[in-house]
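J.: First the structure, then my questions, so here it is.
The values are calculated or read from the model by the stated rules, or taken from the named source; none is laboratory data. Predicted model, so just to flag it, every value in this text is computed and none were measured. Using ideal geometry, Cβ is built from the backbone for each residue, glycine included, and neighbour counts are taken over all protein chains shown. When the accessible area is computed, the model is the full protein with side chains, heavy atoms only, and any ligands, DNA or RNA have been set aside. Shrake-Rupley method; radii C 1.70, N 1.55, O 1.52, S 1.80 Å.
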Amino acid sequence: MRIDQILETTSPVFSFEFFPPRTDEGQRSLEGALAELRKDSPDYVSVTYGAAGSTRERTVEVTKWVKEDLGLEAMAHLSCVGEPVDRLREILDEISAAGIDNVLALRGDPPRGETDWKPHPDGLKSSVELIELIRSNYDFCVGATCFPEVHPEAPDLDHDLRFLKRKVDAGATFLITQLFFDNEDYFRFVDSAREYGIGLPIIAGIMPITNFDQIKRFTTLCGAAIPTALYEQLEARHAEGEEGVAELGVAYATLQCADLLARGAPGIHFYTLNKSPATRAILSALRAWRPLERSAATAPAARHSA
């Protein structure tokens, strides 16, 4: 089923993101995590696309497995990094042949060890061009990404939103945000996007914090900020051990998600890092919190289009 159709009929939408493992041990870990998370009936599962050939060969394989063997709706990520157009078409043909309806179109990050993004000589230069390629040749539901705290390479919010509008005009039908920890950043971004004529559902991307050093690396790479009060609490818990960090991370993400949904976010996309306990705990708490349903039902109409 297409994710744009799911968003029209389901509220809120919950989804999980995984990355294809590099090793057999990683594959077993992924299978275990998905077996657990499957019990929570996610609306769809997405599978990332590795840079420079690191895991990209497994993206279609894992996405197909999620759809066929687990019976879950699936979305394959696809990026322009290091690929000529002919190879991108081959991958899209493979995705289509696997019966997958959804693709997340990305420009992609530079390969590990490189700082500058360079297009393949016979490839594409941006996610906009990739969306155009997909929509002109295939019948996929195409998703795109957005950045509540502005893309690290964008000079300002205005440039970032104008580029996002180009993604929408090219044929994207829903948006997923980069991870963030301050909900006001999300809602300010949604309001600004609406002013630019971007009316698509904007799904909130949430990463439960389970490791302090890891989240510091991630936020540095993607340009997200950890609020001062949260950082101080994480630092204090880190001094006692990572178990305390994970406990705080789950509690914070649960409160963050509850607030997002109560104020009209159409769904939550969990960056799972191929692990199940934190995401399962958060999702179980959200589904058990009945006041959330009443709050969502009375949220302002403008927020429901977030």
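J.: Among the residues of region 182-212 satisfying the criterion of being part of a helix (DSSP H, G or I) and among the polar types (S, T, N, Q), which is farthest from V250 (Cα to Cα)? If you could, list the steps in order and put the result at the bottom.
T.: Let us first name the residues in region 182-212 that are part of a helix (DSSP H, G or I), namely 183-195, 212.
Retained after the next criterion (residues that are among the polar types (S, T, N, Q)): 183, 192.
Details: N183: 16, S192: 29 Å.
The qualifying residue farthest from V250 (Cα to Cα) is S192.
J.: Further question on the same structure: Considering only residues that are hydroxyl-bearing (S, T, Y) and not in a helix (DSSP H, G or I), look in region 233-275 and name the one that is surrounded by the most Cβ atoms within 10 Å (Cβ to Cβ).
T.: Going through region 233-275, the residues hydroxyl-bearing (S, T, Y) turn out to be 252, 254, 271-272.
Checking the rest, the ones that are also not in a helix (DSSP H, G or I) come to 271-272.
Details: Y271: 19, T272: 23.
Looking at the filtered set, the residue picked out is T272.
J.: Looking only at region 11-54, how many residues end up being surrounded by 13 or more Cβ atoms within 10 Å (Cβ to Cβ), β-branched (V, I, T) and either in contact (Cβ under 8 Å) with a residue 60 or more places away in the chain or over 13 Å from T279 (Cβ atoms) (or both)?
T.: Filtering region 11-54 for residues surrounded by 13 or more Cβ atoms within 10 Å (Cβ to Cβ) gives 11-21, 26-27, 29-34, 36-38, 40, 42-52, 54.
From the residues that got through so far, the ones that are β-branched (V, I, T) too are 13, 45, 47-48.
Next cut, either in contact (Cβ under 8 Å) with a residue 60 or more places away in the chain or over 13 Å from T279 (Cβ atoms) (or both) only: 13, 47-48.
Total meeting the criteria: 3.
J.: Given C222, C257, which one is among the hydrophobic types (A, V, I, L, M, F, W, C), within 22 Å of T145 (Cα to Cα) and modelled with pLDDT under 95?
T.: Details: C257 fails: modelled with pLDDT under 95.
It is C222.
J.: Residue check, D191 against (1) closer than 24 Å to D4 by Cα; (2) at pLDDT 95 or above; (3) out of contact with any helix residue (DSSP H, G or I) (no Cβ under 7 Å at 6 or more places or on another chain); (4) open to solvent by less than 40 Å² (accessible area, probe 1.4 Å), all met but one. Which one?
T.: (4)
J.: Also, quick follow-up: Answer yes or no as to whether S11 is in a strand (DSSP E or B) and not aromatic (F, W, Y).
T.: no
J.: So, one more: Looking at (1) open to solvent by 30 Å² or more (accessible area, probe 1.4 Å); (2) closer than 23 Å to E83 by Cβ; (3) modelled with pLDDT of 95 or more, which is the one condition that is false for D116?
T.: Condition not satisfied by D116: (3).
J.: Go through region 72-181 and tell me which helices (runs of 4 or more DSSP H), entirely inside it, have 2 or more residues that are touching a residue at least 40 places away in the same chain (Cβ under 8 Å) and in contact with a Lys or Arg (Cβ under 7 Å, 6 or more places away or on another chain).
T.: Those helices (runs of 4 or more DSSP H) span 127-137.
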